[in-house]
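Colleague: Next up is a structure, given as structure tokens.
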Amino acid sequence: MGEIWRASQFRMALSLAAALLLDYLTGLPGVFTIVLLLWWLRQYLRGTWNYHHWLQGDGQLYPPEGKGVWADIHDLTVRRIKRQRQRAHQGVQLMREFRHAASALPDAVIILDNRKNILWMNHRCETLLGLNPVKDVGVNLSNLIRTPAFIQWFARQDESCITLPAPLNNRIRLQYRRIPYGHNRHMLLVRDVTERERIEQTRKDFVANVSHELRTPLTVLSGYLEMMQDAELPEWQPAVAQMREQSLRMQHIIDDLLTLSRMDAENLLENQQALDMPAWMQTLAKEARALSQQRHTIELKLQSDQWLQGNESLYQAFSNLVSNAVRYTPEGGQITLIWRTGPEGGEFAVMDTGIGIPRQHIPRITERFYRVDSDRSREAGGTGLGLAIVKHVLQQHGAHLLVESEVGRGSTFTCAFPTRMLRPSAHATTGLTTS
Ligand code: ADP
């Protein structure tokens, strides 16, 4: 209990004692005590009324001052009001800081409610999207950005990004990203990626041009080396054989680089068709047997006769996985090719009983030129680009690669396709086979 309460109680006890003494001395029993009680009651009622009056009105910030206990209540209330005002002030300051920071962002930021009405946007929206940060608040976003590709993407409700030409200038490329938060709120981030795309394109063009330029001199060199191998130069044969091997490796690297550049350049989704997976599986198995040259057991498990809607480049991806399985499985091992479909989509898998991949390397093996063991990859005729091609092709199709592997036991590479890519077989009935 506070000081004031104690002092007040002491005062009350003292005045009660005085009233009782006066009652006794004057011979008027109860009179002074009753007067005292009535005075206390009046003070209490007055204090309560003043407070009530203050709470009801909205003019005065602080409560009326009082005496005794009411003075204590007054101080406590004033302290609390000051604390709250300080907190509110800090909140306003923080909000102001946030707005300044958001305005200074190089990206456009739009906050939307569950109906896509704009709640707030920063000033960058004006330059990037041509929106008015004051007038357009409250307006539905689909009335302001009307590009069909944007509307379609926005309706998808996922967290993917989309890059489109800017509404005001189609030479500027904008990347849109939607971030859901809180209760049905969305933040739309819009970034100018023109420069980034230009640099990326320059890099791609450079790789493509270098690969292309190297191709011709390499073909000439390979031709001469072939001639030298046929010539009667016994002392040169080991050197020529090695040079031929190395030039072939370079050719493979250039071919893979050009394949990647071509895939980068063309939109694989534009050239789609229904791919006869059962027929492809047979061809892939044949390819595996040719590569293996009887060193492995090749098994084909065709568990579905469905086809796949996609670009023909998928064949290259599957072929790379088959080739890896053969190259990284020692003699006597088993390689199984599987095509299966179900309610969750389609899966093309290559299982091998090969050398396996240490766990820490798995996340990186799809990077360009990443190899677990460079010498082994070279010996196996690898370029370090096979899985990069697989990943690229799958990504473009909205599919993904799953890798399971155990050192010394083998690996399984699975290409998982969404249901929307599956097509019924165009043949009447094809027997499902295991061979
Ligand atoms: P490379 O041309 O070197 O085979 P890839 O991109 O195809 O390049 O593969 C990257 C690396 O992943 C390989 O160097 C190898 O270390 C590892 N790898 C790929 N497939 C397999 C497999 N089936 N078994 C074991 N290791 C594999």
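The values are calculated or read from the model by the stated rules, or taken from the named source; none is laboratory data. Fair warning: this is a prediction, and the values are worked out from it, not measured in the lab. Note: ideal-geometry Cβ built from the backbone for every residue, glycine included; neighbour counts use all protein chains shown.
Colleague: Checking the conditions here, which among Met187, Met250 is over 30 Å from Cys125 (Cβ atoms) and in contact (Cβ under 8 Å) with a residue 12 or more places away in the chain?
Modeller: Numbers: Met187 fails: over 30 Å from Cys125 (Cβ atoms).
Step by step, each of Met187, Met250 is checked, and only Met250 is over 30 Å from Cys125 (Cβ atoms) and in contact (Cβ under 8 Å) with a residue 12 or more places away in the chain.
Colleague: Moving to a separate point now. Looking at (1) surrounded by 11 or more Cβ atoms within 10 Å (Cβ to Cβ); (2) within 60 Å of the chain's Cα centre (by Cα); (3) not aliphatic (A, V, I, L, M), which is the one condition that is false for Thr33?
Modeller: If we test Thr33 against (1) surrounded by 11 or more Cβ atoms within 10 Å (Cβ to Cβ); (2) within 60 Å of the chain's Cα centre (by Cα); (3) not aliphatic (A, V, I, L, M), just (2) comes out false.
Colleague: Inspect segment 418-430 for any residue being within 7 Å of the ligand (Cβ to nearest atom) and at negative phi and give the result as yes or no.
Modeller: So the first thing to find is which residues in segment 418-430 are within 7 Å of the ligand (Cβ to nearest atom), and the list is none.
No, segment 418-430 has no match at all.
Colleague: Right, next: Quick check, is Ala102 at pLDDT 90 or above and part of a helix (DSSP H, G or I)?
Modeller: On the way: at pLDDT 90 or above: no; part of a helix (DSSP H, G or I): yes.
Taking the combined requirement at face value, the residue does not satisfy it.
Colleague: Across segment 370-391, what is the number of residues that are more than 7 Å from the ligand (Cβ to nearest atom) and at pLDDT 90 or above?
Modeller: Adding up the residues that qualify gives 3.
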